[in-house]
Structure formats: structure tokens, C-alpha cells
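Take a look at the structure set out below.
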Amino acid sequence: MKVKSLFAAPLTAALVLNLACSDETADPIGQNTLRDITVPDLSENILLAYEQTVFVESEDLSITFREFSESRCPKGAVCIWEGEGIVELVIENGEGDVASALPVIRPGRDSERYTWLKAYVMDYRITLLELEPYPDLDDPSDPEEYTALLDIEKIPDPSGCDHVMFTQGDPSAMCRDELTIRGGAIDGIVLEIYVNYGGGCGDHEFMLLGRPNFMESYPVQIDLYVHHRNIDDYCDAIVSDTLCLDVRRVAELYEGIYQSCDDILINVLDCNLNDPEEKFQVLLRP
């Protein structure tokens, strides 16, 4: 993948902060932001130097590499723990909102599997792909030499999407009207379900319903049933529709039960199916 290099301003030396022990609150970056470094959008990874700021035009967003913590096992050393690198990013949007993000990189840990390494701030998901240079006992690095390679994604806007509902009853026993599920896809916390149903002359209601527990596997699984209610629509045309569901409650349920974040396999079922194995699956990565 092509990488944008953003070195354009002199760097000043500073001490590396231990983020876990610091109570210091970052000053709003608008006081000292150098906005002569810009990228048009978030379509490519961003290589950001220590104490440097990038302005993302399409998002009206400033991102500053403010501090970092380095505990990765150095080259030439034997460690009982692989350690980790943590980058502190200060984010400011066009409305003046300021927040900090702390994406983590840990040797041997894939951020796509270990989703807690990612940082979630405002409407963005941030992955620290690289933190260079890697520590070396024989060649210590100065703080100003560090760079962070970032993947920044806009989380889909869930406004207008219905939420998942939970019940202690049997969701498959609460069916109303028939529909056919053609498949679906997930993007962030937004689940799209492609359906066909009979009608064409009136309104229809849909609900995604499940029990508030998970099946133990890796990743854990949860069954969610699509419920369809035909509101006095007696036409017989075949209607194709896309349902929009906000599945963040599934992630919140997981966090409440397991006190952590991890992948969740969602089984989406038509509760009228005679064969319960007919379903499609999506992987929710909080």
C-alpha cells in the first residue's frame, strides 16, 4: 500500500512519557498546530513523525503525535514479556472538540484479531501499524527519531439504523410474517441485511432479536433472528430491501459479561426457516 510521508517541519527533542502514570492533560492542539501538512482523506496510511501534526481535509480533522511509551523487548535482550509501544494522539475536529487516543502495538499480536489494540475516538478507529525505530540495546534511539504508521478509519454513521433487541424468551417462537434473507455485510457497528418479502402496498416493520448470552467458541457466537411484521400489506409483489441495524449493543453485552473486548461471530437467521442451519455469518470487531 502506498504510504504518505509527512516529514516537513523541524522536530524538537522531548522526554518519552510513561502514559500509564501521567496525569497531565494535553493542551488543545489548536494552540500550536502546524497545519501546513495535509492529506486529502483517510484512504491511505499516514506516517507521522514525533510531535508532528497532520490535517485531514475531507474530515476537517487534526491529528498530532504528542507522546509515546516504549516497553517492547529490545533487540539483543531476553525478556519474559514482549512489551508494547503506545502512541498518544491528540485529535481535534472542526467543531473544536479535542480528545486523546492511545493505539497500542505489541510484537506478535495481530490488531485485527486483538481488537483492544485499536483506539476508538470520536467517529474514528485508529490502528498503530508500526512504531519505529524498534528499540535496540546497542543503538538507543532519541525520541525525535520516532515515527508512527497509522491506519485511521471512519466508523460508519449508525444514525437511522435500528438497534438489536434482547429477550429472555425464545426469539424463534415469536415469528410473525415470512421473509427471505439473501445475505448481508457488516461495516464497523452497522450491519446490513438484504431481504425479500411479499407486499409492495404498505409499511413493514423489522426487528433483530436475540437472547443476551453467547455460545462459547473462539470467537464467541450469538444467534440473532430477523423478525418481520406485515402491516396490512396484502399486495403480492416481491420487494427487495436492505435493513440497517446498529449492533453496538452486542459488543456492549460482551464487554459486560467478559470485561474485555474481542471478536464476536454473529449468526443472522430468518426465524421462519425450517432448517436452522440456513444462516449467514458476520464478524463483529469492536
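The values are calculated or read from the model by the stated rules, or taken from the named source; none is laboratory data. Source: prediction; values computed, not measured. Every residue, glycine among them, receives a Cβ derived from its backbone with ideal geometry; neighbour counts consider all protein chains shown.
Points worth noting:
- Yes/no for I266 being of a type outside the set (D, E, K, R), under 22 Å from C161 (Cα atoms), at pLDDT below 90 and assigned by TED's automatic domain parsing to the domain that holds T167: no
- Some residue of the range 224-236 being over 18 Å from D177 (Cβ atoms) and either of a type in the set (D, E, K, R) or not assigned by TED's automatic domain parsing to the domain that holds I186 (or both): no
- Failed criterion for S141 (all others in (1) surrounded by 19 or more Cβ atoms within 10 Å (Cβ to Cβ); (2) hydroxyl-bearing (S, T, Y); (3) assigned by TED's automatic domain parsing to the domain that holds P107 hold): (1)
- Residue among R229, R176 that alone is farther than 30 Å from W116 by Cβ and assigned to a loop (DSSP other than H, G, I, E, B): R176
- Residues that are at pLDDT 90 or above and touching a Ser or Thr at 6+ places or on another chain (Cβ under 7 Å) number at least 1 in the following strands (runs of 3 or more DSSP E) confined to the range 90-141: 124-132.
- For the range 195-225, the candidate set comprises residues that are within 15 Å of F280 (Cβ to Cβ) and under 22 Å from the mean Cα position of the chain (by Cα); within that set, the residue that is surrounded by the most Cβ atoms within 10 Å (Cβ to Cβ) is L224.
- I181 falls short on exactly one of the conditions (1) surrounded by 17 or more Cβ atoms within 10 Å (Cβ to Cβ); (2) touching a helix residue (DSSP H, G or I) at 6+ places or on another chain (Cβ under 7 Å); (3) in contact (Cβ under 8 Å) with a residue 24 or more places away in the chain, and that condition is (2).
- Residue list for the range 145-162, restricted to those being surrounded by 14 or more Cβ atoms within 10 Å (Cβ to Cβ) and touching a residue at least 40 places away in the same chain (Cβ under 8 Å): Y146, T147, A148, L149, L150, D151, I152, E153, K154, P158, C161, D162
- Number of residues in the range 227-252 that are over 18 Å from D187 (Cβ atoms), aliphatic (A, V, I, L, M) and modelled with pLDDT of 90 or more: the value is 3.
- Residues of the range 124-135 satisfying the condition of being in contact with a helix residue (DSSP H, G or I) (Cβ under 9 Å, 6 or more places away or on another chain) and surrounded by fewer than 19 Cβ atoms within 10 Å (Cβ to Cβ): E132, P133
- Residue match in the range 233-247 (condition: within 18 Å of the chain's Cα centre (by Cα), of a type outside the set (D, E), over 19 Å from M174 (Cα atoms) and not in a strand (DSSP E or B)): yes
- Taking first residues from the range 44-67 that are under 22 Å from D142 (Cα atoms) and partners that are in a loop (DSSP other than H, G, I, E, B) and among the acidic types (D, E), the Cβ contacts under 8 Å between residues at least 6 apart in sequence or on separate chains come to T64/E51; F65/E51; R66/E51.
- Odd one out for P171, checked against (1) more than 22 Å from the chain's Cα centre (by Cα); (2) buried (at least 18 other Cβ atoms within 10 Å of the Cβ); (3) modelled with pLDDT of 90 or more: (3)
Listed here are the residues, each with its yes/no results for (1) of a type in the set (G, A, S); (2) outside the structural domain of V239 (by TED's automatic domain parsing); (3) under 30 Å from D123 (Cβ atoms).
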{"position": "L179", "(1), (2), (3)": "no, no, no"}
{"position": "G183", "(1), (2), (3)": "yes, no, yes"}
{"position": "I186", "(1), (2), (3)": "no, no, yes"}
{"position": "E192", "(1), (2), (3)": "no, no, yes"}
{"position": "Y197", "(1), (2), (3)": "no, no, no"}
{"position": "G202", "(1), (2), (3)": "yes, no, no"}
{"position": "M207", "(1), (2), (3)": "no, no, yes"}
{"position": "G210", "(1), (2), (3)": "yes, no, yes"}
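- Residue that is surrounded by the most Cβ atoms within 10 Å (Cβ to Cβ) [pool: residues in the range 68-108 that are free of Cβ contacts under 8 Å to residues at least 12 places away in the same chain and of a type outside the set (A, V, I, L, M)]: C79
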